[in-house]
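Here is the structure we will look at, set down as structure tokens.
Only the coordinates and a few stated rules stand behind these numbers; no lab work does. It should be emphasised that the depicted structure is a prediction, and the values quoted were computed from it without experimental measurement. So basically every Cβ, Gly included, is an ideal-geometry build from the backbone, and we count neighbours across all protein chains shown.
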Amino acid sequence: MMEIKTDANLKAMREAGRVVARALEAVRAEAAPGVPLIELDGVVRRILTEAGATSPFLNYRPAWAPVPYPAAACLSVNDAIVHGVPDDARLADGDLLSVDCGASLDGWVGDAAVSFTVGRARPEDTRLIDTAYEALEAGIAAAVVGNRIGDIGHAVGRVCRRAGYGLPDGLGGHGVGRTMHEGPDVPNEGRPGRGVPLRHGMVIAIEPMLTGGGHDHHYTGRDGWTIRTIDGSRAAHVEHTVAITDDGPRVLTAL
Ligand code: MF3
Ligand code: CO
């Protein structure tokens, strides 16, 4: 399903997106070596509650998931690509952390993710993260009326490949609206001029996931959710919910 949003809908989605941005910033401020992941999930829950929002992640159970998602945030450390389930493990010096969270506010959803290092960063992690943001920016720049979904994937994929990183097969972005996952799929690779035409009022999540390894080298952990690289290489994941408008792309999950 893909719903075209009215301008009033987009305004409402912007408010949901702002809550997501605030939650991600709060986690960034709190994350440091020695901090348990579960505490960072608590930070997200607190920000959502204060804003009168709820978590679209908590208890989410798509058809492919063996168990409902048990937290408000995905906290993916080092070789975890996405959907890392927070537990009482503590962050360590030099860890690469990807934080993904959503908010439902007044019936509309926002979904976004950031990646950063804690403590002393490895230079190779900094390069990986910088490339992920570059890919996201390229994807957003391609999210314009007149383009198609394939133009976005092409823009994202090109940045990643040029830098020599892997793009996990089968993982990508999606439409966003009254629910977190709607049509269309927004793959991180694509062919220019192919796929669904982009129209004013479409809202999509663009979410590059980059690994130091190959394209098909990932597996889901025993918790039923955490997706990791098989070769142990580190991964970065960044995401914005973006509205396509006649005035250009509008990032709904900015602060
Ligand atoms: N941004 C993530 C995605 O689109 C959100 C996952 S929510 C979870 O896949 F509940 F499934 F973890
Ligand atoms: Co998403």
Please list the non-local residues whose amide H lies under 5 Å from the amide H of M202, H modeled 1.01 Å from N, same-chain partners needing a gap of 5 or more. K5, I244
For region 174-239, take the convex hull of the Cα atoms, compute a quarter of its surface area, and give me that in nm², please. 5.9 nm²
Considering only C-alpha atoms, what is the centroid distance from region 37-78 to region 197-255, in Å? 17 Å
To the nearest 20 debye, what charge dipole does region 23-123 have about its Cα centre, counting +1 at the Cβ of each Lys and Arg and -1 at the Cβ of each Asp and Glu? 80 debye
Less than 14 Å Cβ to Cβ from I38, Lys/Arg counted +1 and Asp/Glu -1: what total charge do the surrounding residues give? -3
Assign one of three labels to region 88-157, namely rounded, prolate or oblate, based on the Cα gyration tensor with a ≥ b ≥ c the square roots of its eigenvalues; rounded applies when a/c is under 1.5, prolate when it is not and a/b is larger than b/c, and oblate otherwise. oblate
Note, ³J(HN,Hα) from phi for region 61-67, Karplus 6.51, -1.76, 1.60, rounded to Hz, x at Gly and Pro: 9, x, 4, 7, 8, x, 9
Express in nm, to one decimal, how much length is gained between D87 and R28 on full extension, taking 0.36 nm for each residue of separation and deducting their alpha carbon distance. 19.5 nm
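How long are the semi-axes of the equivalent ellipsoid of the chain, defined as square roots of 5 times the Cα gyration tensor eigenvalues? Whole Å, largest first. Don't skip to the answer; put the middle values down first.
Numbers: eigenvalues 134, 98, 50 Å².
Ellipsoid semi-axes (Å, largest first): 26, 22, 16.
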Note on the chain: helices (DSSP H) long enough, at least 18 Å by alpha carbon along their axis, and hydrophobic enough, mean Kyte-Doolittle at least 0.0, are 37-50, 149-162
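Taking Rh as the Kirkwood radius computed over C-alpha pairs, what is the Stokes-Einstein D of region 7-94 at 4 °C in a medium of viscosity 1.567 mPa s, expressed in µm² per second? Intermediate values should be presented prior to the final figure.
Working: Rh = 14.1 Å.
The calculation lands on 92 µm²/s.
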